[in-house]
Protein chains: 2
Amino acid sequence: MIKDRDGRNRVIIEGLKPEVDAGRFPIKRTVGEKVFVEADIFTDSHDALSCVLLYRNDDESQWRESPMEFLVNDRWRGEFTVTELGQYRYTIQAWVDHFKSWRQVLLKKFDAGHDVSTDILAGADLIEEAGKQTPGSDAKKLKEVAISLRSAKELSDKLRIAHDEGLAALMAKYSGREYATTYNKELFVVVDRPKASFSAWYEIFPRSCSTEPGHHSTFKDCEGRLPYIAAMGFDVLYFPPIHPIGQTHRKGKNNTPTAGPNDPGSPWAIGSAEGGHKDIHAQLGTLEDFRGLITKAANYGIEIAIDLAFQCTPDHPYVKEHPDWFHWRPDRSVQYAENPPKKYEDIYPLNFETEKWRELWEELKGIVLFWIDQGVRIFRVDNPHTKPFHFWEWLIKEVKKDYPEVIFLAEAFTRPKVMYQLAKLGFTQSYTYFAWRNTKWELTQYLTELSQTEVREYLRPSLWPNTPDILTEYLQMGGRPAFMARLVLAATLGASYGIYGPAFELCENRPKEFGSEEYLDSEKYEIKNWDISRPDSLKDFIARVNRIRRENPSLHSDWSLRFHPIDNEQIICYSKQTEDCSNVIVVVVNLDPHHTQAGWVELSLSDLGINHRMPYQVHDLLSDARYLWHGHRNYVELNPGIVPAQIFRVRHRVRTERDFDYFM
Amino acid sequence: MIKDRDGRNRVIIEGLKPEVDAGRFPIKRTVGEKVFVEADIFTDSHDALSCVLLYRNDDESQWRESPMEFLVNDRWRGEFTVTELGQYRYTIQAWVDHFKSWRQVLLKKFDAGHDVSTDILAGADLIEEAGKQTPGSDAKKLKEVAISLRSAKELSDKLRIAHDEGLAALMAKYSGREYATTYNKELFVVVDRPKASFSAWYEIFPRSCSTEPGHHSTFKDCEGRLPYIAAMGFDVLYFPPIHPIGQTHRKGKNNTPTAGPNDPGSPWAIGSAEGGHKDIHAQLGTLEDFRGLITKAANYGIEIAIDLAFQCTPDHPYVKEHPDWFHWRPDRSVQYAENPPKKYEDIYPLNFETEKWRELWEELKGIVLFWIDQGVRIFRVDNPHTKPFHFWEWLIKEVKKDYPEVIFLAEAFTRPKVMYQLAKLGFTQSYTYFAWRNTKWELTQYLTELSQTEVREYLRPSLWPNTPDILTEYLQMGGRPAFMARLVLAATLGASYGIYGPAFELCENRPKEFGSEEYLDSEKYEIKNWDISRPDSLKDFIARVNRIRRENPSLHSDWSLRFHPIDNEQIICYSKQTEDCSNVIVVVVNLDPHHTQAGWVELSLSDLGINHRMPYQVHDLLSDARYLWHGHRNYVELNPGIVPAQIFRVRHRVRTERDFDYFM
C-alpha cells in the first residue's frame, strides 16, 4: 500500500459500507455480482478530491482500481464486479487533487473576470512537476503541455489547453498521490457460486424411499425418486445423516426411551460398531452406491447435500479410540447431552475444551474432506451453535481454501445474535425464524430485517416452512391452503428455501400431541412409506412455483424485496425486481387459510419502473390469468380453497423520456 | 492482557457501545461522570458466562474490574466512574463459567428428581482444581470445601455447601479465566473538567469596552466590565484575537476593501510589524495587563478564552521569517485566501503542505503553550476545518498530555461530516447549526441528533443564537421576543451555550443589507460603544436564565433531553431531568415572536418520574408563577410581548411502591 499518515496527508475516509463489524468479517457475494462501496470522504478547506476504489482477487498481487463518484454530503460511491470464486479484498484511496482544484478555480476566476495569468503559470508548474514523475512517453506529453500552456499567445488557447480532457486523464493517472489517504482497513468479500444465494432444497430420509411398506430403502431406491424430485424443480437434495446408527439407548417410535427390535433409530444418533462419520449405514448401501447416486442426481440437475452432525452415540468408534475427545465424569462415565430435566443418553457431545482440541478439529475437518472426496459439495450443519464459533470459522476457511464452491447451511434455530454470528464467521446459508413468522406484520418486519439491513451482507437466509423437527401450528391448523401459502411465501420471499418432503407436498400435519411441533409418528424414529402419487399432493403446484422461480431472475435474489400496502391484514403483498426493472414480480398471498380475502393493493409504481400514466398487465403465473391494471390501486381477491396466492409478472413498457413527452 | 484466541476460547464479545468508529476515536466524559458499557456477549451451547468490565486511568498499570449484568437477548451491561482528568481506557473480558453452570444444572437436576451424586463429585473436582491455582489462605479454603462437599453425609448439606455465596465469591475470583475472551480493542475516554460540558460563554471585543465614544478600550477597561458580565452569570469570557492587526489590505467599515486612517481593522487579520500570534495588540495593553485581567476575572468566577486563528496578514513576521510556511506563486507573490469570486488579500493562509510542516506544527503548538503560560485554559479555534485534521488531532493530544484541563471550542460552521470529524479528533466543544434551526421540527430533529444518538459520545454542542458573523433572519425579524426565545432555547437545550454581547442583550438586529447575516456596521471592523445601561437590555433576563441553569442540575447535561408533544406548531416543549428525577425541568417556548400562542402540552409523566394519579406543581422559574397540573395534558399560554417562554421546575412526590398500594 502507498504510504500513509504523513503530516501532509489531508483526506479522511470513514463510514465505509459495506463493512461488517469494522472489517472483522467478510461480506458475501456470488460470482458475477456487483459490490457497491460507499464512504464519507473529505478534506480540510475547499480543495478538490479524487477517490478510487481499490480491489483485487486474493490471487492477484496488484490492486485494480475503479473511480468513485461524488453523491452528496461528502458521500462517495464506487463499484466493482466479482468474477471469480474465492476471496476478494477492497479498500479506498483518496487524495487532494491539486490539478482538479486548479482547473476549477481557474474557471471560476476567469468567469469572475480576474486576471488569471499567474494561475496559468502555476498550472504549467503543476503539469511540469507531474511530468517529472511520469514514466515513458507520457512524460514527454506532459512536458510539452506545460510548455505550450506557458507559451500560448491567446488566453483562450491557454484555457483550452488547461481544460483538455486528455490532459485531465494524464494528470489523474500520474499526479498527486504522494499524500494520498488509504482507508485504514482492507475489507473482504467471500465469493460463492450462484447456488449459494439461489437454491431450492428438498429434504428426505433416504431410508423411506422404498415402494414396499416398512421396507428400509437404499440409495438405489433413492435413484428411483430422482425424476419425481427433479419434476418438482428442486436442485438440492438433502439427506439427514447417512452413517451407522447407534444401538445403546436407541430411541423408539415417537422418541420413546427404548427401541423395539425393528426400530431403526434416529439418523442423528451417529456411530456404531459398523463405523462413524466416514461410514455409510449398511442398509442404505455402499460408498460406491452413494457416489453413484451423486452422479445420477447430477444428471437431473440435482446436488446431494449431506448432514454434518458432530456428535456421537456411546457406540461410536471415537469413544474408544479417542476418549480424550469426550467429557468424563468422576464415575468414569462419559457425560451425555442433557438439558435438565431432559436427558439425551444416546448422545455424547464432543468436548471442545479437551487438551487435544487441535487433533479433534483436524479429525472433524477430515470428515468434511472425506465427503468432498466422494463428490459432496453442500453440507447442512446440524446444531452449529453447540460447537465453538472459532472452530467453525477455522473449518469453513480451511475447506473453502481448496474448495471455494462448498456450501455450508447452518441449522441454528437459536438466539438472534448467535445465528448472526454463525453467518458472519462463514456459513454460506442460514436457516431462519421464517417457520414461525406468520402474520403480515411479522413477515414484513423479519424479511425487511433480513433483506434490507446490513444483515444481508453476511447472512443468506434459507426459508423452510417445515423440517422434520418443525411442524408449525399454522400448518397443523390451516390444512392444504396453509401449505400452499407457506410454500409460495418461502419460495418467493426467499431466493433460497427448502421443504421437508414428502411430508410437505402430502400436507402431513398431525402433531405428536396438541401444543407440540413434533410430527406424530415422526420419520426421525421410523421408516415411512409415503404415497407420493396421492391425487391431493402439492407436487404439481410446487413444480409450477419452482419453474416460476427459475424463469424470473428477480426471484434469484432477496435484495430488491419491497412490501406494498394493502387494506386487508390477511393479505400480504410484495415485489421483487431486477436492477433494470426488466423483470418485475408482484406476489399477493392470503394468509388466512380459511376464508376468501380481498383488498386493494397499493403499488409504488415509480419504484417498480412502471409508468403511472399507462395501463399495465399483471400476469398470474400460477393460474395463467391476466389482468389489466391502472394506477397504483388495484383489487385482488384470493380464495384459499383454490389457490391462496397470485404471483404476478408485471408486463409494461419500460418508462422512457419519450413517454413523458408523449403524455405530458 | 490475558492470552486470547486459543481454540478453547469460546466466548464472543461484539456490538460494544460506546465505541466511536471501531475505537479509532475516544468517547468524552467529565470528571465524576459514569460510563455505561454494553455489549453482546455469548458462547456456544448453554453454559453460563461471567463478564467483567475492565477499565483504568492511563496512569494506572493494572486494570480495575467491575461486574457486568445480563440484560436481555445476549446483551450485557456494566459501568464505571471516571474520577480523574486525562485519559481512561476500557474493555471487556468474559468467560465460560463452569462453576456457575454447575450450580445451575445441579439445582435443575435436583428439582427434576435426578440422582446428583456424580454431579456433586464433579463440583468437588472443579473446586479442588480452582484451589490449586489460588494463592494464599483462599487455596486452603477451597480445598476444604471440596473435601466437605465429598464427605458430607446428607444431600441437603452438600447442596447447602454447593450454593454457599462465599464459595461463589471465591470461585468467581479464582476460577475459569484460562480461556477468557478479552474484547479485541481497548477503547478510550477523554476526561475533561465539568466546564467542558456545562458552560455559559460571553463574547466581546475587548477594544469596545470603553465608556468614551470612539475610544479604543484596553484590558483595564475590560476589568471594569467584569461585574456586569458576572452579574449576568457567564463563566467564560471569550475575546476575538488580541494580537497586532495588519495594515496591508486592512478592511474598512462594513468590510470595505480599503480602510480609513482611523479604521482599527479586523482582529482576525493577525500580524503586523509589532508582532504576531504571541504578541498583544498594543492598544489593548501589555501581556502583564492581560495576565492581570485573567486574575481579576477569576475573582468573578470567569475564565478568559482567547481565539486561535492560525492565519497571517502580509505584515506578519512569519512571512519574512518563515517564507516556507506559505504558498508562493510563480510571480513570487504569496497566495492569499480566495474563494472566487471572493478575494481575501489581507489574509495569507498557512501552507500545511510545506516541506517544513513539522516545524510549522511545532510553532503553532508553541503559540498554544505560550498562552497557556499566561494562564489561558480555554481556546476558541477559528475555522479549524481549513487546517488538516491530523494537525488538530496531534495538537490537541500534545497539549492535553500536560494540560488535560484545556478546552478547545471548534468554530466550524461547515459540512456535517467535517464538524463531526473535528469533534471526534479531539475538540472539547463544537459550535453547531443551532443558529439556523428555528422551527419546532428543525429544533426537535437537530437536538435529538445531537443529544440522543452516538454523536453525543464525542461532540459537545455549544449553542450560539448569534456571533459577530451571524445575525440570523429570525433575530432580524423577531425583535426583542426573538432574542428572549433564542436565549432560553440556547441556555436550556444546551448545557453549553454562548452569546455575542452586548449586541445580544441590546437586541442589535440591523443587518448589513436585506438577505445578509452580517451586522450593519459590524464590530469586526470598527470600535463600538455599547450603552449597556439601556433600560430595554435583556441583561436581567439573561441573569435570571443563567441562575436557573446553575441552580438546576438537570440543565448541566444534554443527555436527558426529551421533547413532548404540544398541539401548536409554534410552541416547543421539552424536559431535562437528573438520573434520579430529583430535579426535573420542563421548558415551553413560543417560537412565534409576534403573537400569543397557547396549547395543550402532553408530558410523558412516567418518564419524568411523576405519579400520574397525583397533582403536581410546575413552578415557572422565570416569572415565579406556580401552577397545579393534573395528568399528562395541561394548558400553556405564552405572550411574546411579555416573556415568550416558561421554565418550569416540576415539584412532585417521587413515586414509590406505596403510592401504588394507596391508589390502586
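Key figures for this structure:
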item	result
Dipole of chain B, positive end: most advanced residue of B:586, B:433, B:330 [Cβ charges, Cα centre]	B:586
Whole-angstrom gap from region B:339-378 to region A:336-381, using each part's C-alpha centre	65
The protein assembly as shown - charge dipole about Cα centre, Lys and Arg +1 at Cβ, Asp and Glu -1, debye rounded to 20	400
If the convex hull is drawn through the Cα atoms of region A:395-540, its volume per residue in Å³	143
Residue-wise HN-Hα coupling along region A:211-218, computed from phi with Karplus coefficients 6.51, -1.76, 1.60 (Hz; x: Gly, Pro)	8, 8, x, x, 7, 6, 7, 10
For the protein assembly as shown, share of DSSP beta bridges that run antiparallel, in % to the nearest 5	70
Overall form of region A:4-73 per C-alpha gyration tensor (a/c, 1.5; a/b vs b/c)	prolate
Taking only Cα atoms of chain B, radius of gyration then Dmax in Å	30.7, 105
Ordering of A:520-533, A:549-562 by packing [mean C-beta count within 10 Å, highest first]	A:549-562, A:520-533
Rounded to whole Hz, the Karplus (6.51, -1.76, 1.60) HN-Hα couplings of region A:619-626, x for glycine and proline	10, 6, 6, 7, 9, 6, 6, 10
Test item: B:386-396 mean partner chain Cβ contacts at 10 Å	4
Relative contact order of chain A, pairs being alpha-carbon contacts under 8 Å that are 6 or more residues apart, as %	10
At R0 = 41 Å, FRET efficiency that the Cβ-Cβ distance of residue A:34 and residue A:255 yields, to 0.05	0.30
Debye log10 I(q)/I(0) for region B:291-410, one point scatterer per Cα, at q = 0.17, 0.19, 0.23 Å⁻¹	-0.93, -1.09, -1.38
Antiparallel bridges, percent of DSSP beta bridges restricted to region B:378-493 (to nearest 5)	10
For residue B:42, distant residues with modelled amide H under 5 Å away	B:12
Charge dipole (region B:535-664, unit charges on Cβ, about Cα centre) - positive-most of B:598, B:610, B:643	B:610
Amide H within-cut-off set for residue A:199, under 5 Å, with H built and near neighbours excluded	A:496, A:497
Inter-site label distance for residue A:534 and residue A:415 at 7 Å from Cα along Cβ, in nm	4.0
Distant-in-sequence amide H partners of residue A:87 (H built 1.01 Å from N, under 5 Å)	A:58, A:191
Where only alpha carbons of region B:213-271 are counted, the Rg and the Dmax (Å)	14.3, 40
Cα centroid separation, region A:387-466 to region B:485-553 (Å)	58
Average Cα contact separation per residue, region A:214-282, under 8 Å, 6 or more apart, as relative contact order %	31
Rg followed by Dmax, in Å, when region A:477-522 is reduced to its Cα trace	11.5, 33
Solvent-accessible area buried by A and B, counting both chains, probe 1.4 angstrom, square angstrom	5400
Fraction of antiparallel bridges per DSSP, region B:217-359 only, in percent to nearest 5	75
Centre separation in Å (Cα based) which lies between region B:589-645 and region B:100-157	62
Furthest towards positive pole of dipole, A:63, A:152, A:166, structure part region A:45-192, Cβ charges	A:152
Distance (nanometres) between label positions extended 7 Å along Cα→Cβ at residue B:125 and residue B:163	2.4
Helix-only mean residue ellipticity at 222 nm for chain B, each DSSP H run of n ≥ 4 adding -39500 (n - 2.57), per residue, nearest 500	-9000 deg cm²/dmol
Relative contact order (%) - criterion: Cα under 8 Å, at least six apart; region: region A:66-179	24
Label-to-label distance, nm, for residues given as residue A:606 and residue B:543 (7 Å Cα→Cβ offset)	5.7
Charged-residue dipole, Cβ positions (Lys, Arg, Asp, Glu), region B:1-136 about Cα centre, Debye nearest 20	220
Value of D in µm² per second that Stokes-Einstein yields for region B:538-664, Kirkwood Rh from Cα pairs, at 4 °C (1.567 mPa s)	85
Cα-centre dipole for chain A with unit charges at Cβ (Lys and Arg positive, Asp and Glu negative), debye to 20	800
Qualifying chymotrypsin sites (Phe, Trp or Tyr not before Pro) for region A:421-463 [loop in DSSP, other Cβ within 10 Å: at most 16]	A:433
Local electrostatic count, residue B:552, Cβ distance below 9 Å [Lys/Arg +1, Asp/Glu -1]	+3
Tail weight of P(r) past 60 Å, computed on alpha-carbon pairs of the protein assembly as shown, percent	30
Solution diffusion estimate, µm²/s, Stokes-Einstein, region A:43-111, Kirkwood Rh from C-alpha pairs, 10 °C, viscosity 1.306 mPa s	113
Vicinal HN-Hα couplings computed from phi for region B:273-284 (Karplus, 6.51 cos²θ - 1.76 cosθ + 1.60; Hz; Gly/Pro x)	4, 6, x, x, 5, 9, 10, 9, 4, 4, 5, 7
In region B:52-158, GluC sites (Glu not before Pro) in a DSSP loop with at most 15 other beta-carbon atoms within 10 Å	B:60, B:84, B:154
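The values are calculated or read from the model by the stated rules, or taken from the named source; none is laboratory data. Small disclaimer: the values here were computed from a predicted structure and weren't measured. Neighbour counts are summed over all protein chains in view; Cβ atoms, including those assigned to glycine, are modelled from backbone coordinates with ideal geometry. Each accessible area value is taken on the protein alone, full model and side chains, heavy atoms only, with ligands, DNA and RNA left out. Shrake-Rupley method; radii C 1.70, N 1.55, O 1.52, S 1.80 Å.
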